[in-house]
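Just so it is clear, none of the values below were taken in a lab; they were calculated from the coordinates. What you see is a predicted model; the values in this text were computed from it and never measured. No Cβ is skipped: glycine too gets one built from the backbone with ideal geometry, and neighbour counts run over all protein chains shown.
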Amino acid sequence: MLILVVGTINTEEFIFNDVFENRTASLRLPATQGNFPLTRYGGRREEALMTYRDGSTYLGKYRSGQGHLYLLAAPVDEQTNDLVQNAEVFVPMLYKMAISAGTARPLAYTIGQDEVVETTHQLSSGELVYKLQGGGEEFIPEQRIVGTRVFLGIDEQLSEAGFYELFLNPENTLDHFAFNYSRRESDLDYFNPDDLRERFGERVNLIDTNDDNGITTAIEEQSQGIVLWRWCLILALIWLALEVLVLRFWKV
């Protein structure tokens, strides 16, 4: 009997993403002693999660309404398919399949980072042109319709943070999206003194001190030099005290 062995697993897709720590490690993938060939039609929009070594689909994912349909090319029978005996693949696969339909979209997107947003496609016989409006601007994003979902390409059309409304006509708002600025500007990564010296050389004066209270003194010394009047005043008071003691206790 011909044995077919699964050759690849799609670790970029949600089901197997973040499941395996080392994606390049050798995984024990399922093998079958019989399968039903899955034909590929463009209208089905299949996403292969696992494929045989000959490239045919072992496990496929399809959009069905608001959820997903997963189709296995071989029966889940231990005499035919050893998938259930492969715990490192079978257990996380079942768990993430169960939660995949309930995956919520983020509360807010990041400008310059999230280039595509997803929402429900409004079925209509007429020509559809989705528009986004907010932050004092209105634009038509790139649109790609897949089944009951529509993917909107933002790219660099959006520059202001805030709330944006999606609509086909101004009187009918279909969805809302929130966009924030990137937090990378708040990532305070400092240069150490050696990096600063290497970067700027002698063009800057560095004040290297761990005492916050000594920063002011260090700046004064950098700009005015070492201030000696305090030491002169202290020495004058000491000598004045010595003179008083000499005059009082010294007998000629």
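Just grab the label-to-label distance for Phe139 and Val91, each label 7 Å out from Cα along the Cβ direction, in nm (one decimal).
Taking the simple label geometry, Phe139 and Val91 are separated by 4.7 nm.
Just to verify a number: FRET efficiency for Asn169 and Tyr62, C-beta to C-beta distance, R0 = 30 Å, to 0.05? Don't skip to the answer; put the middle values down first.
Working: r = 32 Å, r/R0 = 1.07.
It comes to 0.40.
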